[in-house]
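Visitor: Before we start, here is the structure in question, set down as structure tokens.
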Amino acid sequence: FLSLRTCDMGIIFGAPVQNCFFLMEFAENIQAIILQNIEHAEVTINKDNGIQVEKPLPPVKLATVQKYLDLSLENFIILLTQDQPFIIKGAIDQWPASQKWNPHYFSHLHGDRYVPVEIGSSYTSESWTQTLMTIRDFIKDHVLDDTNIGYLAQYDLLHHIPSLARDIPQLDYLSVATSNVITNLWLGPEGTVSPLHHDPYHNLFCQIHGYKRFILFPPSSSKLLRPHAGHLLSNTSQIDLEDDLLETRYPDLTEHGSGMLAELEPGSVLYLPP
């Protein structure tokens, strides 16, 4: 499927704007033709990806992030003024994505599309690297086989495959945004980890499939978290919260640090202040 791969390379590496929309539409048409005419082996799911696997918490004081159900826009705006994270349960239960998206869905409908994938459990790991592969290979080799960690992380897949955007209606809460909304997707297996880091944006993180845990610290704890020196990783902590020797290596954090724990289930939205 050289023509489809060529389209994807143009989209990923930056086709001129006037050609990019043509490439996106052309690529989706090619994928549809392939789907109609070529049979692929079904993706076999050998485990229940809906089961929440508990991992031990780090030895740090953690308060639980407040959860709300059926949060109105008015109350959402009030909560924003408190500059604290909070969870809205069931906020995206009615999204088509919440009903349809799973490993089989992506592999079957979009499996021949090439995407950038991070290889390794964390971008701070010495063995971390990036590569391009089809979504089908990513699902088969890295999502369903979580012994080989791969992560499609912080990528605008809705730009790459515009038909996916139909599965994600815009949240009413975004009506309060004062700048352009940036949309990225994360797809990965159990075991993927984002190191402690800081983002400069207001963030609404929507959990569509599976479960995710966030451990959050206030800006006042920045010095305890020991950010990397240098510009490239200056927003990222040197501390690995899964380190078995955390209490020995970073006693100032475990004794004096205080954070928050947010555990997301499918359909939940987490607000993160900048």
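The values are calculated or read from the model by the stated rules, or taken from the named source; none is laboratory data. Just so it is clear, the structure is predicted and the values come from calculations on it, not from any experiment. Ideal geometry is used to build each Cβ from the backbone, glycine not excepted, and the neighbour counts take in all protein chains shown. SASA here: full protein model, heavy atoms, side chains in, ligands and nucleic acids out. Shrake-Rupley method; radii C 1.70, N 1.55, O 1.52, S 1.80 Å.
Visitor: Just give me the residues in region 102-152 being of a type in the set (Ser, Thr, Tyr), over 24 Å from Ser3 (Cα atoms) and assigned to a strand (DSSP E or B), in sequence order.
Guide: Within region 102-152, Thr129, Tyr151 qualify.
Visitor: List the number of the failed condition for Pro103; all other conditions in (1) open to solvent by 30 Å² or more (accessible area, probe 1.4 Å); (2) at pLDDT below 95 hold.
Guide: Of the numbered conditions (1) open to solvent by 30 Å² or more (accessible area, probe 1.4 Å); (2) at pLDDT below 95, the odd one out for Pro103 is (1).
Visitor: OK, next. Quick one: which of Thr254, Thr236 is more than 20 Å from Tyr201 (Cα to Cα), in contact (Cβ under 8 Å) with a residue 12 or more places away in the chain and β-branched (Val, Ile, Thr)?
Guide: Numbers: Thr236 fails: more than 20 Å from Tyr201 (Cα to Cα).
The conditions single out Thr254.
Visitor: Are there any pairs with C-beta distances below 7 angstrom linking a residue in region 121-149 that is within 25 Å of Leu241 (Cα to Cα) and touching a residue at least 12 places away in the same chain (Cβ under 8 Å) to a residue that is open to solvent by 60 Å² or more (accessible area, probe 1.4 Å) and assigned to a loop (DSSP other than H, G, I, E, B), with the two at least 6 apart or on different chains, and if so which?
Guide: Ser122/Trp128; His142/Asn148; Asp146/Glu190
Visitor: Filter region 239-266 for residues that are of a type in the set (A, V, I, L, M, F, W, C), assigned to a loop (DSSP other than H, G, I, E, B) and buried (at least 17 other Cβ atoms within 10 Å of the Cβ) and give the result. Reasoning before the result, please.
Guide: Of all residues in region 239-266, those of a type in the set (A, V, I, L, M, F, W, C) come to 239, 241, 245-246, 253, 260-262, 264.
After this cut, where a residue has to be assigned to a loop (DSSP other than H, G, I, E, B) as well, the list is 239, 241, 245.
Within region 239-266, Ile239, Leu241 qualify.
Visitor: So how many residues does region 219-238 have that are assigned to a loop (DSSP other than H, G, I, E, B) and closer than 13 Å to His256 by Cα? Quick ask: steps written out before the conclusion?
Guide: Here is the first cut: in region 219-238, the ones assigned to a loop (DSSP other than H, G, I, E, B) are 222, 226, 228-235, 238.
Still in the running and closer than 13 Å to His256 by Cα: 222.
Qualifying residue count, region 219-238: 1.
Visitor: Let me ask you something else. Name the one entry in Ala262, Ala177 that is touching a Phe, Trp or Tyr at 6+ places or on another chain (Cβ under 6 Å) and among the hydrophobic types (A, V, I, L, M, F, W, C).
Guide: On the way: Ala177 fails: touching a Phe, Trp or Tyr at 6+ places or on another chain (Cβ under 6 Å).
Residue meeting the stated conditions: Ala262.
Visitor: In this structure, is Asp141 open to solvent by 50 Å² or more (accessible area, probe 1.4 Å), modelled with pLDDT of 90 or more and of a type outside the set (A, V, I, L, M)?
Guide: Values: open to solvent by 50 Å² or more (accessible area, probe 1.4 Å): yes; modelled with pLDDT of 90 or more: yes; of a type outside the set (A, V, I, L, M): yes.
Taking the combined requirement at face value, the residue satisfies it.
Visitor: Say whether the condition of being open to solvent by 50 Å² or more (accessible area, probe 1.4 Å) and within 30 Å of Leu109 (Cα to Cα) is met by at least one residue in region 193-200.
Guide: First pass over region 193-200, keeping only residues open to solvent by 50 Å² or more (accessible area, probe 1.4 Å): 194, 197-200.
Subset that is within 30 Å of Leu109 (Cα to Cα): 194.
The answer is yes, given that some residue of region 193-200 is open to solvent by 50 Å² or more (accessible area, probe 1.4 Å) and within 30 Å of Leu109 (Cα to Cα).
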